[in-house]
Structure formats: C-alpha cells, structure tokens
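The values are calculated or read from the model by the stated rules, or taken from the named source; none is laboratory data. Computed from a prediction, not measured in an experiment: that's the story for all the values here. All Cβ positions, even for glycine, are placed from backbone atoms using ideal geometry, and neighbour counts span all protein chains on display. Side chains included, ligands, DNA and RNA excluded: accessible areas come from the protein's heavy atoms. Shrake-Rupley method; radii C 1.70, N 1.55, O 1.52, S 1.80 Å.
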Amino acid sequence: MDGILISLYIFVLAIFVGFEVITKVPPLLHTPLMSGSNAISGITIVGALISAGAGHNQVAKILGLLAVITATINVVGGYLVTDRMLEMFKKDKTGQKR
Amino acid sequence: MVTITNIVYLISASFFIIGLRWLGSPKTARKGNLLSMLGMLIAIVVTLLDKNILDFTYIIAGLIIGAAIGAYVAKTVEMTAMPQMVALFNGFGGAASALVAYSEYVRVQGVMNIDVSITLVLSLLIGVVTLVGSLIAYAKLQGIMTGAPITFPGQKFANGVLLFVALALGGFFVADPSVEMFLLVIIGVAVILGITSVIPIGGADMPVVISLLNSYSGLAAAMTGFVLSNNVLIISGALVGASGIILTNIMCKAMNRSLANVLFAAVGTDGGGG
C-alpha cells in the first residue's frame, strides 16, 4: 500500500506543477503549446514498450505492439509538427523585417 | 539498474516541465520543444535498456511503423490543417494508453489490487473517449463530416447517463476484476460518449475541444502510470492533464467565452480548418 500512496503524492504534486507551469501565453503560441504538450502525453510510449516487450502472453504483446505504433505516431508526429509550427513563426518574423 | 532507470525518468520529467515552461514564451519556445524531445528520447532509451524487456521483435516493428507514419504525416501536412493533425496525434496517444492498460489486464489475467483495477478502468475510459472524441474533431475540421453542431433533445442528459453507466460498470469491475465483459462494455460506452460529447460542438470551437482532449490524454497516461506503477508516466501525464486545463481556459478567455459555454452552447457553425 506504501507504493500506491507515494505514487498518489507524486500525482497530486505534479498536477500542481502543471497548473503553475503555464502562465501568460501569447495567442500565437496557443496551438504550438497544445501540440507540444500533446507530444509529452506520448510518454505513454514507455508503458507501451514495457507491454510489447515483457511476458509470454501473445495477446498482451499484440496489444502492446499496437500501443507502441500509436504512441510512436503521437510522439514523432507531435514533436515534428510542433517544430514545424515554431519554425514557421521564425520565418514570419524575418519576413516582416525585409 | 532499476535505480538508474528511475533517475533517468526523473531527469526526463524535469525536462518536460522546463520544456513546457519554455514553450509558453516566443523566444524560448523552439528550445523548449527540443528539450522536451530530449526528455522523451532518454526515457525511451533507458526503458529499452531495462532488463524487464525480454523480446524486442514487436518493439522494433512498432517503433519503425509508428515513426514512419508519424514523420511522413508531420512533414507532408498542410500548415492550415495543423489543428486537426494535433487532434489526430492526440487521439493516438489516448488509444495507446488504453491499449497498454488492456494489455496489462490480459497479462495479469484478471488478478490485481484495487488501486490497479480502479486506474485501469479510468485509463480505458479516458483513453477511448480521447481517441473517439479526437477522431470526431479531426473529421469536423477536415470536412469529412459537417462542422456545424449536431444536437438532439436531451443530449446533455444522455451524456450524463452514459458517464454514470460507465462509472457504475467500472465499480462492478473493481468489485470483480475477473469479469472481462465489464471492460468490453465500458469501452463500448466510452466510444458512444466520445461521439456524443464532441458532435454538439461547432467547428470554430474545435481548437478549444482539442486542447481539452489533450488534457484528457495526459490524464489517461497518468492512470496508465498507476496501472504499471511507473512514475514518469504519472508525472508527465499529470503535468499535461493540468497544464492542458489551464491552456484550454486561456484559449476560452481569448475568445471571450467560458469553457461551459464552448462545451454546451452549440455555437460556431463553420469548419475552422477548411
């Protein structure tokens, strides 16, 4: 029971961090921020890797494989798309200077 | 090795927090995204090095397929189609959390403690709602279905009943985790709930909903973290869940609306992305 209690502490404290970490965000950054934090929620890939690689139960491993595929799409796609958006803003700025 | 793994997880969680902070400011945004990327990379690498992994066949296959699809879509998507693309990726994240939870259920063959069974139900429910809701949001913005709100009499009441049914079934499952049928019905109810809670929202309001669904996928990841007793999932999931709510609120305020107004008022007739 101790383990679950410590996990619950971590969970609640991390929620408070999440509430504080974002403050004033300019509207231009709303979509990239959403996209970037979406990529972070792809951390579930760690769980997917454990599911796909552990044990000898074939059904559990196939579910794990599907989880690895979907989580990897989330992570790779999410970070690349965020980077593309942020890169575009940079180009926009230099364009305005010209 | 377990200690090293957990220290690396702690570093990676810290990178996510700093990265998220930097993403909120124009000067540091790109650097923040790169730092968060690095955090993800080290978390993946240290998980692969962990001795708990016995078989790499499915992992390598999954990583290659997922990375190829993700990279291709991210590189080719039109800039104007970005919001629906985020929705789609987010839906996959929710699906992954639900799949991991179900995989764990199959692996332990129905024998689990009460804390695992509770979080397993929540992970499945939130994960599937995130997946289906995100797919509806994608379809609306992409013009696959109408961007106009789809409403029917008693919709809010019906959604309330669905949520109650899902939670009641969850209670039955927690009482007897050996009955797999409970989980399957919960998944079915979650699919309907994902549809009925997003169709009444207009296309123009969709970015707010995507942000809310992003928060859900974080919560789903955190619940999966409880199922697997994995702290990096719990921290990062809680982080995204909470900051997602804040961002959703900021986006509502920018439109001079309240979140309740966006979710229940059924305004905004046009498809935003086109």
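Numbers for the structure displayed
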{"quantity": "Subset of region B:171-209 that is outside any loop (DSSP other than H, G, I, E, B) and among the acidic types (Asp, Glu) - its residue that is most open to solvent (accessible area, probe 1.4 Å)", "calculated": "B:Glu180"}
{"quantity": "Candidate set from region B:229-252 (those that are open to solvent by 10 Å² or more (accessible area, probe 1.4 Å) and among the aliphatic types (A, V, I, L, M)); member that is nearest to B:Gly19 (Cα to Cα)", "calculated": "B:Ile235"}
{"quantity": "Filtered residue count, region B:58-70, keeping only those that are small (Gly, Ala, Ser) and open to solvent by less than 30 Å² (accessible area, probe 1.4 Å)", "calculated": "3"}
{"quantity": "Residue in region B:210-228 that is open to solvent by less than 10 Å² (accessible area, probe 1.4 Å), within 14 Å of chain A (Cβ to nearest Cβ) and farther than 30 Å from B:Arg107 by Cα present", "calculated": "yes"}
{"quantity": "Any hit, region B:29-36, residues being touching a residue at least 40 places away in the same chain (Cβ under 8 Å), among the charged types (D, E, K, R) and farther than 13 Å from A:Ile40 by Cβ", "calculated": "no"}
{"quantity": "Subset of region B:33-54 [more than 7 Å from chain A (Cβ to nearest Cβ) and touching a Gly at 6+ places or on another chain (Cβ under 7 Å)]", "calculated": "B:Leu35, B:Gly39"}
{"quantity": "Residue within region B:156-164 that is open to solvent by less than 40 Å² (accessible area, probe 1.4 Å) and within 19 Å of B:Ala87 (Cα to Cα) present", "calculated": "no"}
{"quantity": "Every residue from region B:231-256 that is more than 17 Å from the chain's Cα centre (by Cα) and either touching a residue at least 24 places away in the same chain (Cβ under 8 Å) or under 14 Å from A:Glu20 (Cβ atoms) (or both)", "calculated": "B:Asn231, B:Asn249, B:Ile250, B:Met251, B:Cys252, B:Met255"}
{"quantity": "Options B:Ser36, B:Ser14, B:Ser97; residue that is within 30 Å of A:Phe89 (Cβ to Cβ) and within 20 Å of the chain's Cα centre (by Cα)", "calculated": "B:Ser36"}
